[in-house]
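S.K.: This is the structure I have questions about; it appears just below.
The values are calculated or read from the model by the stated rules, or taken from the named source; none is laboratory data. What you are looking at is a predicted structure, and each value in this text was computed from that prediction instead of being measured. FYI the Cβ positions are ideal-geometry reconstructions off the backbone, even for glycines, and counts take in every protein chain you see.
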Amino acid sequence: MSNNNRRNTLLTGLIISLLLVVYVAVQLTGGTSKENVRLITHNAFVITPQLQKLFEQQSGYKLTLIKSDDAGTLTNKLILTKNDPLADVVFGIDNTFASKALSAGVINGKLTPTDFGDVCFNYDKQWFAKNHVPAPSSVNDLIKPSYKNLTVIENPSTSSTGLSFLAASIDKYGSNGWQNYWKSLRSNGVLVDNDWEKAYYTDFSGSSGQGKYPIVLSYDSSPADEVRSNGQSQTANILDGCFRQIEYAAVVKNGKNPQGAQAFINFMLSKPFQESFPTQMYMYPVDPNAQIPSDWKKFVSLPTKTYGGTLPINSMREHWLSQWNSIFA
Amino acid sequence: MGRRVAWQSTGIALILLLILFYIPVSHLFLLSGFNFHLNNEDVSAIRFTLWQSLSVAIVTTFFGLVGALLIRKSNFLGSKLLNSVLSVLFFIPGITLTLGFHAISHWPIYSLLVNNKHAFIPVIFAETIINLPLAMGVIGLALNAINSELSEAIKLDGANSKKEFRYLTFPQIFSSIRKSLIIIFFYSLSNLGIILAIGNQSTNSVESRIYHLIQGNLNIHEITTLAIIQTLISFCIYLFLSRTNINFGFSYSQVSKKASTLQVISCYLFFLFFTLPVFFSSLKFLFNVIFHFSTTIKLINLSPQILDVSILQALEHSIRNAIIASLVGIFLSLGLGISIARNVVRQDSSGTPWFISRIIEFFSILPLTFSPLIIGLGYLLTFTTGFFALRESWISTPIAQALLAMPLALTLITDTWKNFPIEYMEEALMTGIDSLSYFLKVELPLLKNAILRAASFNILVSMADFSAAAFLSIGHQGVLTTIFSQLISHPGSGNYQGAQLILLIFIFISTAVVFVFELHSHTSE
């Protein structure tokens, strides 16, 4: 063999070894067995090691997590892979994507509600006290001149929180009135950010970021996380115009382990897991007997009426967003 | 026979690329049934992407030129550190700029840039900050290559600094300015983190549009059409790029010329202007860490509610994962890079038609133009069960990261290889040294510098990556960026401080890696 050939053989060997390394790594780290329950969920899902151990001990199954951005992405991943699904059980499809998941045929049986939370406006109590402006009590206040340039929201095209409020506003003001509300909101200097992080941490004055806007579109549970050293929360909710987000768990159609999937759904409905929802995922448990943290009892109020939860969000999304974009273009 | 084996090694590398990139991506296109569709929002996203990338390329290259002239050409106390810290900017995840921008948003000048009601201004400023080290790196290398004797000679002929720049420096660095424009245009095309973190409804790029389509209505026709347009734009840019070598480095070449006081002040002002938006909030937090040490220890050990583990444990996991990802990435990049680079170089002397090498080079560059989201979607559809169940393995994340970093690693190695004097080989062959020994004893040591740069690039790209890690992650495989994202997307000062702490540690690690690698790379010169 010539020298050139030896040199090239060395490189060929390197490439073949690469293929082998990838193959071995895949075999060592991937794959599933009947004892595995593969859970696909969004990035906000948290299960403590203790709870995971408890599930694995009680059920005899090993839990594998597949985290996937948000509710929309995980629903779409399931739709894309419906012939050979990448999970046995799904958690995190919410009421804005539920109809899409059901109509696409990716769910085996029904969607089981596990937890809920409300998208509501929060305001900075300190800011309103300091500036001698009465705190807003309704979303109608946000279009009044005295609240000009005080509100920051999220873009409904890019944020699920923003889309939730758009749906709530359509429900509250009706199909003929919601556009006028948004036009007034725009005229009143509402700031639209792409995502919740920027709105809450950069632009909202009541968070750790200490921005300039004292009203933000967030969640009803957020005030419980803004408790200061005096034992009081710096923020409070506007209990009007809220959207109730309900999250579901379900057995994935064509999954390899439907029994394991159902066992995990049952575990999610058990008291230990239900009680972890507020502390781990900032959501209310569906089980009314589950304990919620004392800060939640003290600083979080649930709205008596919510809006938009029953609208056909999935089918109307593009139409509404197009109309909303024409207002904010 | 020799040529046949050479083609075999390149062929195997291309097959690997085919399996890991082209088949998954093609799978997605097949799913669309080649039924392409665009609406008004897509068109405006394409328009925004084009002019935004162009603006970023021009602005960044201008400041890159200024930075390279100031910092790369001056010798003063701390110049090396300044250079290394500036290099870190390139590896800062876009999403973290939210923290930094807020801290300086009310300062003079900055308020106009980061608090502007026209969101494209903060977006362009953010992208300029992130891409500045790349522009400085590309132009800096060309500056370092200018013959100092020529410079002295032109001065002896009575040329002042302006004339020296116009007649000597500028012609010598012109091609690197062009390279900088093109490379930054490339990177800006597929930027996502900054648009998500800084932008608003008026700054919707092709990449962010694809992201939102994946989150929302999953219109495959729109997604594939946008991906094709993104690639076509990149292809056009590549036609300009293909005639030039792409090379860059973060290393600071020691120059003998002592900087004047004015130059030193200018260097520090330049440095502060571009680094404060990123580092100020972290520095402020660092002081808090020092003066409230016990609180910080509590913060580190306290398990934030939204994480499965404490911050310390989460950091250990994420660093471990980043290292594993980086090692796999380096292995893949270098394996593919060396093989393809050898063939590209080989055509110059082997009579292989030039266009074949260009096609090979193009196909190896193409992954750079695709978003991790498109690769991720392809993986979901393709690697299901059986032989390569990649989507069910954590290794899919480092592979995707490796594919994203590979084209630049490849160009770094190829361009260095092309520049080897042919006399080396002729002299070596005359001494009777065999080809393998020549490769191991001559070529490999000469490539060491480029390999180290490529390695450092791979490590830091893996560490800064968010899209691939978030889209392809499985099980408890969180990396620094995904844990940061989890913390910053929840309310409460504990989560906010946790995010700051992770950013601070991230900055330290990136700085250390850049500094150590460049120190080693410089020594090897």
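S.K.: Just one of (1) closer than 30 Å to residue A:199 by Cβ; (2) modelled with pLDDT of 85 or more trips up residue B:190, so point out which.
M.R.: (2)
S.K.: Taking the stretch B:110-155 as the region of interest, how many residues are buried (at least 23 other Cβ atoms within 10 Å of the Cβ) and polar (S, T, N, Q)?
M.R.: Qualifying residue count for the region: 2.
S.K.: Okay, moving on. Working only within the stretch B:49-68, note down all residues that are in contact (Cβ under 8 Å) with a residue 60 or more places away in the chain and under 23 Å from residue B:144 (Cβ atoms).
M.R.: B:57, B:60, B:61, B:63, B:64, B:65, B:66, B:67, B:68
S.K.: Would you pick out the residues in the stretch A:47-82 that are out of contact with any His (no Cβ under 8 Å at 6 or more places or on another chain), facing chain B (nearest Cβ under 7 Å) and within 30 Å of residue B:220 (Cα to Cα)?
M.R.: Answer for the stretch A:47-82, where residues must be out of contact with any His (no Cβ under 8 Å at 6 or more places or on another chain), facing chain B (nearest Cβ under 7 Å) and within 30 Å of residue B:220 (Cα to Cα): A:64, A:66, A:72, A:76, A:77, A:79, A:80, A:81.
S.K.: Before we move on, is residue A:17 at pLDDT below 85 and either of a type in the set (Lys, Arg) or within 21 Å of residue A:81 (Cα to Cα) (or both)?
M.R.: No.
S.K.: Got a number for residues in the stretch A:169-206 being at pLDDT 85 or above, touching a helix residue (DSSP H, G or I) at 6+ places or on another chain (Cβ under 7 Å) and assigned to a helix (DSSP H, G or I)?
M.R.: Count: 11.
S.K.: In the stretch A:236-287, which residue that is of a type in the set (Ser, Thr, Tyr) and under 21 Å from the mean Cα position of the chain (by Cα) is nearest to residue A:35 (Cα to Cα)?
M.R.: Step by step, filter the stretch A:236-287, then rank; the result is A:248.
S.K.: Look through the stretch A:142-163, keep the residues that are buried (at least 21 other Cβ atoms within 10 Å of the Cβ) and among the aliphatic types (A, V, I, L, M), and return whichever of them is nearest to the other protein chains (Cβ to nearest Cβ).
M.R.: A:163
S.K.: Now a separate question. Only helices (runs of 4 or more DSSP H) wholly contained in the stretch A:234-329 count here; list those with 1 or more residues that are polar (S, T, N, Q) and under 30 Å from residue A:62 (Cα atoms).
M.R.: A:258-268, A:271-274
S.K.: Name the single residue that is surrounded by the most Cβ atoms within 10 Å (Cβ to Cβ) among those in the stretch B:380-390 being modelled with pLDDT of 75 or more and within 7 Å of another protein chain (Cβ to nearest Cβ).
M.R.: So the residue we want is B:380.
S.K.: Within the stretch B:96-112, take every residue that is of a type in the set (Val, Ile, Thr) and not in a loop (DSSP other than H, G, I, E, B) and give me the one that is modelled with the highest pLDDT.
M.R.: Looking at residues that are of a type in the set (Val, Ile, Thr) and not in a loop (DSSP other than H, G, I, E, B), I get B:104.
S.K.: Scan the stretch A:170-186 and tell me whether some residue there is out of contact with any Cys (no Cβ under 8 Å at 6 or more places or on another chain), of a type outside the set (Val, Ile, Thr), within 14 Å of another protein chain (Cβ to nearest Cβ) and without any contact (Cβ under 8 Å) to a residue 60 or more places away in the chain.
M.R.: yes
Listed here are the residues, each with its yes/no results for (1) modelled with pLDDT under 75; (2) within 14 Å of chain A (Cβ to nearest Cβ); (3) part of a helix (DSSP H, G or I).
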position: B:378; (1), (2), (3): no, yes, yes
position: B:399; (1), (2), (3): no, yes, yes
position: B:405; (1), (2), (3): yes, no, yes
position: B:408; (1), (2), (3): yes, no, yes
position: B:436; (1), (2), (3): yes, yes, yes
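S.K.: Right, here's the next one. Does residue B:173 qualify as being more than 14 Å from chain A (Cβ to nearest Cβ) and either surrounded by 23 or more Cβ atoms within 10 Å (Cβ to Cβ) or out of contact with any Phe, Trp or Tyr (no Cβ under 9 Å at 6 or more places or on another chain) (or both)?
M.R.: So residue B:173 fits the description; yes.
Yes or no, residue by residue, for (1) farther than 30 Å from residue A:207 by Cβ; (2) within 17 Å of the chain's Cα centre (by Cα); (3) of a type in the set (Ser, Thr, Tyr); (4) part of a loop (DSSP other than H, G, I, E, B):
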| residue | (1), (2), (3), (4) |
| --- | --- |
| A:64 | yes, no, yes, no |
| A:90 | yes, yes, no, no |
| A:99 | yes, yes, yes, no |
| A:128 | no, no, no, no |
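S.K.: Let me ask something additional. Please specify each residue of the stretch B:99-136 satisfying the condition of being within 14 Å of chain A (Cβ to nearest Cβ), within 21 Å of residue B:202 (Cβ to Cβ) and among the β-branched types (Val, Ile, Thr).
M.R.: Of everything in the stretch B:99-136, those that are within 14 Å of chain A (Cβ to nearest Cβ), within 21 Å of residue B:202 (Cβ to Cβ) and among the β-branched types (Val, Ile, Thr) turn out to be B:114, B:123.
S.K.: Okay, moving on. I'm trying to understand the selection: among the residues of the stretch A:33-62, which are among the polar types (S, T, N, Q) and over 20 Å from the mean Cα position of the chain (by Cα)?
M.R.: Answer for the stretch A:33-62, where residues must be among the polar types (S, T, N, Q) and over 20 Å from the mean Cα position of the chain (by Cα): A:33, A:36, A:50, A:52, A:57, A:58, A:59.
S.K.: In the list A:234, A:210, which residue meets the criterion of being within 11 Å of chain B (Cβ to nearest Cβ) and on the phi > 0 side of the Ramachandran plot?
M.R.: Unique residue meeting the criteria: A:210.
S.K.: Still on this model: Among (1) surrounded by fewer than 24 Cβ atoms within 10 Å (Cβ to Cβ); (2) closer than 23 Å to residue A:198 by Cβ, which single condition is residue A:124 missing?
M.R.: (1)
S.K.: Taking the stretch A:142-163 only, how many residues are assigned to a helix (DSSP H, G or I), more than 17 Å from the chain's Cα centre (by Cα) and of a type in the set (S, T, N, Q)?
M.R.: Residues meeting the conditions: 1.
S.K.: If you don't mind, another one. Of the residues that make up the stretch B:13-25, is at least one at the interface with chain A (Cβ under 8 Å from one of its Cβ atoms), farther than 24 Å from residue B:189 by Cβ and either part of a helix (DSSP H, G or I) or at pLDDT below 85 (or both)?
M.R.: yes
S.K.: So if I check each of B:423, B:427, which one is part of a helix (DSSP H, G or I), modelled with pLDDT of 75 or more and surrounded by fewer than 16 Cβ atoms within 10 Å (Cβ to Cβ)?
M.R.: Of the residues listed, the single one that is part of a helix (DSSP H, G or I), modelled with pLDDT of 75 or more and surrounded by fewer than 16 Cβ atoms within 10 Å (Cβ to Cβ) is B:427.
S.K.: Another question, if that's okay. Could you tell me whether residue A:166 is more than 10 Å from chain B (Cβ to nearest Cβ), in a helix (DSSP H, G or I), touching a residue at least 40 places away in the same chain (Cβ under 8 Å) and aliphatic (A, V, I, L, M)?
M.R.: Yes: the conditions hold for residue A:166.
S.K.: Just to be sure before I move on: is residue A:139 away from chain B (no Cβ under 13 Å), in a loop (DSSP other than H, G, I, E, B) and β-branched (Val, Ile, Thr) in the structure I sent?
M.R.: In short, yes.
S.K.: With respect to residue B:213, determine if the residue is closer than 26 Å to residue A:97 by Cα, aliphatic (A, V, I, L, M), within 14 Å of chain A (Cβ to nearest Cβ) and not in a helix (DSSP H, G or I).
M.R.: Spelling it out, it is not the case that residue B:213 is closer than 26 Å to residue A:97 by Cα, aliphatic (A, V, I, L, M), within 14 Å of chain A (Cβ to nearest Cβ) and not in a helix (DSSP H, G or I).
S.K.: I would also like to ask the following. For residues that are surrounded by fewer than 20 Cβ atoms within 10 Å (Cβ to Cβ) and assigned to a helix (DSSP H, G or I), scanning just the stretch B:70-95, find the one that is modelled with the highest pLDDT.
M.R.: B:81
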